Amino acid sequence: MTRFDLLRSPFLARLLRSRWPRLILSVAALAGFVLAIAAGLAGTPVGSRNFGIIAVWIAWWAALILVAVPLAGRGWCSICPLPLPGEWLQRGGILAPAARRRGLGLRWPRRLRNLWIQNAGFALLAISSTVILTRPAVTGALLLGLIGAATVVSLVFERRAFCKYLCPIGGFVGLYSQVAPVELRVRDAALCAAHREKTCYVGGPGGEGCPWQVFPAGLTRNSPCGLCFECLRTCPYDNIAVNLRPFGADLPRPAGRRLDEAFKGFLMLGSALAYSAVLLGPWGEIKLAAFRVGTPEWAAFAGGFLAATFLALPGAFALHVAAGRLLAGPRGNFRETLASYSQALVPLGLAAWVAFSLSFVFSNLSYLWPVLSDPFGAGWDLFGTAVGAWTPYLGAAVPTLQAGILIGGLAWAAGLASRIGHRLLGDDQRTSRRALLQASPVVGFAFVVTVVQLWLLIG
Amino acid sequence: MRPEHLARLLVILGVLLPLVGAAIILLPPLGRNGEVIEVHARVAEDGGWLPSELVVPAGTPLTLRLTSDDVVHGFAIGRSETQAVDVLPGQYSELTLTFDRPGRYTYYCTRWCGPGHWRMRGTIEAQGGGATPSSAAEPPYVRLGLDLDAPHPAPVVPERRPSAIGGEALGIDLPAGLRGRAYYETHSPYQAFQSLREQGSFSRLGDERVWDLVALLWRQATTARALEAGRALYAQNCAACHGEGGGADGVMATSLPGSLGGADDAPGPADLASLESMMGARPALLHGKILRGGMGTGMPYFGPIFTDGQLWSLVDYLWTFTMEYEE
C-alpha cells in the first residue's frame, strides 16, 4: 500500500522533532480548558451563553470529530492538555526531565491492561451526557475531574497510564484514529529488533521512553500510539517514519482483535444512535428521563442505554456474524471472527458520529461568537460580538451531507466486511464466494444501522 | 532563559492567564458598587427572582442589571407605568428606577416562563426620603362588604348571551339611576335585570330584550379604550388558565391548582363564560377577586401588580365573554 514519509521534508522533520510546537499547542489548549472550567464553575448557568459549554461541546467537539480524528487520528491526544500537569510532576520537568522520577511509578495492573475501564467511563459519560452537555457547572466539574484524575494517576502509575487505560475521550479517538491517513511506524522493523537498547521504549539521551508504552516496531495500528513523537527523538537510527497513507489502512487487519476493542466499537456506534434519538429525536419523555440524572426515570433510561449498547447491539451483531459463519461454513474461532468483523463498525460508527455531530454543530456554531466576547455570560463584550443573533449555518445542506456521509460509511463498512471475509477465509477463487457469503449478514447489519440513523437524523 | 524554564513559564501562564482574566471579568464593575444591583431570574420552581427582596433609599436612582439563568423572563414594577423589560438567558438588561415615595413595590415576571410563572415576584422596599408612604384606598368589595368566596349564581339567567347591540336597537331611554359607572361597579347584571323588570315601562319587553338592555348598560359604562386595555391584560395574565374565551380551558387549566401553589383539592379556574355565575357577579366582586386572588386556589393576587385603572379595564373586558358588545 502506498505510503509517503512526511519526514522526508526537512522542515516537517524539524517541526516534529522539536518539542516546542506541540508544547505551545498544548499550552494553548490548556488555557482554553482552564477558561472553560472557570466559566463552567463560575459563569452563567445558561449553556448557550457559557464558554465552557460552547467552546467544549460545540467548537472543540466539531474540530475533533469533523477534522482532527478523520484526518490526524490521535492528533488531539498529541496536544491534549489533560496529562500536561501530571506529566510535568511525574517527570520533574517538561523539556528536561529530572534525573529522579517523582511519584510512585507503579506499573499499571496487568488485569486492567485493556479498554474495559475506558469503555465503562465512556458509558458513564454517555448516560449522563444530557446534563453534561447543557449544564456549565457539570462540564466544568467534569473537565476539572479529568485533569485531576490524569494528574493523580501520573503520580501513582508510570508514564501515561491515564491516557492509555482510562481516558474516555482517548478511547473514542483511538478507535477512530484507525481511519486517519497518517501513521507513525518504523521504517525497518529488523533494525529495531537488532537494537539492543530499545531507546524508543526505555528512553535515551534524546528523550523519554514511549509515554504510551508502545514499542514502535510492533505498531500495526494507530490506536495505541499517542503521536507524541518521543520515539523520533530517541531513535539513534532515524528509523521512525510518519507516513501519509490511504484512509482506513488499519481496518482490514483481522489478527489479534480483542473483545474489549470490539465492545468499544459497539459502545461508540450505540452511543451515536442513542444520542441521535435522545438529543435530536422528538421523544420528549426520553429526553426528560435522560436529563433527570439520579431519578428512577433516568435509571430506566440508563438501563435501556446500557442494555442496548452492551447487550442488544453486540447480540444482534453476533447473530449476524454467526449467520455468516453458517452460510459460509464455520471456520476458525467464533470470538476471533466476531472481533475481526467488528472492525466494520469503525467506518460505520465514525460516519454515524460525524452525521450526528453535523446536526448540532453547524446549527449552534453561531453561539461561539458571543461567548468569545463574554465567556462567563457576565455582560462583557470584549470583541464586539457579544450580542450576536443565533444563526444556523449550512441549514439546508446538512441533511444532504448527513445522508452522503452515512451512505459513504455504509459503503465503506460493506467493502471492509468483504475484505475481512477474504482475509479470514482466503482470497482464491474457491473461497471468495464463501467469504462474500460470510460477510453478507454483517453488510445487512450495517445497512439496517444506516437506515435507522438516516431515519433518526433526516427522516 | 533556559528552555526548560521557558516551558514551565508557558505552562504556568497557560493556567494563570485564564484565571486572572476570569477574576477580572467576575469582579463587579468599578465605581458602580452600591448603585447597581444584579438580579437573576429563574423559573419559580428554581427560586424565582434572586434576590427577591431589595431595600433601597427612596428618591435615589437604582440601577438593576437583570439576567436570566434559564428561560426568557420579563421584569416590571407593579402598579406603575414603567415599561416591562425582557430578561434574556445569559444576557444583561439594565434598568434605572427611582422610587420617589417610600413604600413597598412589587416586581414580577411578565413572560410566560413556566407553571409557576405567577409566583415569580419580588419586593423593593423604598425607605426614608422624607415623603410619606402612599396609603391604599379601601377596595370596593370591602366597602360593600362582599364575600369574595361565596358562590354568586343569578337566580334567573338569559337563554343566550345578552346583546348590547340588540339593546341599543330597541331605542329605549334607560333609567338615569341605572346608568353610569357608580351603578355598574356595585351591581350585578341580575340586579340590573330585576330593576328594569320592576319598572312598569319595560313590562311589554320579553326577558331576552331586558337582558339586552342590561348588556347595553354594561357597555355604556365602559369605553372602547378600556376594553382594549382589558383585552391586552387578559391575554397576558389570565388567558393561560381561564382560556382565550373565558371558558376555564386555558393551556394551564389542567395543571391547576396544585402546581401553582394552591391546595390539591382546590377548584380549578373560574368559568368566566358561565352566564349563571357572571350574571350574579357584581363588577366590584370581580375587581376584589383579581385584587386579592383566590385564597387557596391557584389564582394569583394582582393587587400589587395592576393599577386601579388596569383592574377596572380587566373587569370591564370580562363581560365580553357573556355579553355581546359588538357585531
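The values are calculated or read from the model by the stated rules, or taken from the named source; none is laboratory data. Given the structure is predicted, the values throughout are model-derived calculations rather than measurements. Here the Cβ positions follow ideal geometry from the backbone for every residue, glycine too, while neighbour counts run over all protein chains shown. Surface areas here come from the heavy atoms of the whole protein model, side chains and all, with no ligands, DNA or RNA. Shrake-Rupley method; radii C 1.70, N 1.55, O 1.52, S 1.80 Å.
When A:Ala150 is tested against (1) small (Gly, Ala, Ser); (2) free of Cβ contacts under 8 Å to residues at least 40 places away in the same chain; (3) farther than 25 Å from A:Leu306 by Cβ, exactly one condition is not met: (2).
Could you tell me whether segment B:192-209 includes any residue that is more than 26 Å from the chain's Cα centre (by Cα), within 15 Å of B:Thr322 (Cβ to Cβ) and open to solvent by 20 Å² or more (accessible area, probe 1.4 Å)? Looking through segment B:192-209, at least one residue is more than 26 Å from the chain's Cα centre (by Cα), within 15 Å of B:Thr322 (Cβ to Cβ) and open to solvent by 20 Å² or more (accessible area, probe 1.4 Å).
Listed here are the residues, each with its yes/no results for (1) among the small types (Gly, Ala, Ser); (2) touching a Lys or Arg at 6+ places or on another chain (Cβ under 8 Å).
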site: A:Pro252; (1), (2): no, yes
site: A:Leu259; (1), (2): no, yes
site: A:Ala262; (1), (2): yes, no
site: A:Leu267; (1), (2): no, no
site: A:Ala277; (1), (2): yes, no
site: A:Pro282; (1), (2): no, no
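Could you go through segment A:259-271 and let me know if any residue there is in a helix (DSSP H, G or I), surrounded by 20 or more Cβ atoms within 10 Å (Cβ to Cβ), polar (S, T, N, Q) and touching a strand residue (DSSP E or B) at 6+ places or on another chain (Cβ under 9 Å). Checked against the condition, which is being in a helix (DSSP H, G or I), surrounded by 20 or more Cβ atoms within 10 Å (Cβ to Cβ), polar (S, T, N, Q) and touching a strand residue (DSSP E or B) at 6+ places or on another chain (Cβ under 9 Å), segment A:259-271 yields no hits at all. Scanning for something hydrophobic (A, V, I, L, M, F, W, C), part of a loop (DSSP other than H, G, I, E, B) and within 13 Å of another protein chain (Cβ to nearest Cβ), does segment B:5-20 turn up at least one residue? The answer is no; no qualifying residue exists.
The single condition from (1) within 14 Å of chain B (Cβ to nearest Cβ); (2) in contact (Cβ under 8 Å) with a residue 12 or more places away in the chain; (3) in contact with a Leu (Cβ under 7 Å, 6 or more places away or on another chain) that A:Pro21 fails is (2).
Evaluation of A:Gly86 against the conditions (1) within 13 Å of another protein chain (Cβ to nearest Cβ); (2) closer than 27 Å to B:Ile24 by Cβ shows that the sole unmet condition is (2).
Residues that are at pLDDT 90 or above and open to solvent by less than 40 Å² (accessible area, probe 1.4 Å) within segment A:204-222 comprise A:Gly209, A:Cys210, A:Pro211, A:Trp212, A:Gln213, A:Val214, A:Pro216, A:Ala217, A:Leu219, A:Arg221, A:Asn222, listed in sequence order. Considering each residue of segment B:57-68 in turn, at least one proves to be on the phi > 0 side of the Ramachandran plot and more than 14 Å from every other protein chain (Cβ to nearest Cβ). Checking each residue in segment A:387-403 for being under 33 Å from the mean Cα position of the chain (by Cα), within 14 Å of chain B (Cβ to nearest Cβ) and either open to solvent by 70 Å² or more (accessible area, probe 1.4 Å) or within 16 Å of A:Val361 (Cα to Cα) (or both) picks out A:Ala389, A:Trp390. When A:Gly384 is tested against (1) surrounded by 19 or more Cβ atoms within 10 Å (Cβ to Cβ); (2) on the phi > 0 side of the Ramachandran plot; (3) among the small types (Gly, Ala, Ser), only condition (1) is not met.
Against the numbered list (1) surrounded by 19 or more Cβ atoms within 10 Å (Cβ to Cβ); (2) away from chain B (no Cβ under 14 Å); (3) under 18 Å from the mean Cα position of the chain (by Cα), A:Ala63 comes up short only at (1). Being aliphatic (A, V, I, L, M), more than 21 Å from B:Trp118 (Cα to Cα) and surrounded by fewer than 23 Cβ atoms within 10 Å (Cβ to Cβ) is the filter here, so list the residues in segment B:285-327 that pass it. If the condition is that a residue be aliphatic (A, V, I, L, M), more than 21 Å from B:Trp118 (Cα to Cα) and surrounded by fewer than 23 Cβ atoms within 10 Å (Cβ to Cβ), then B:Leu285 is the only one that fits.
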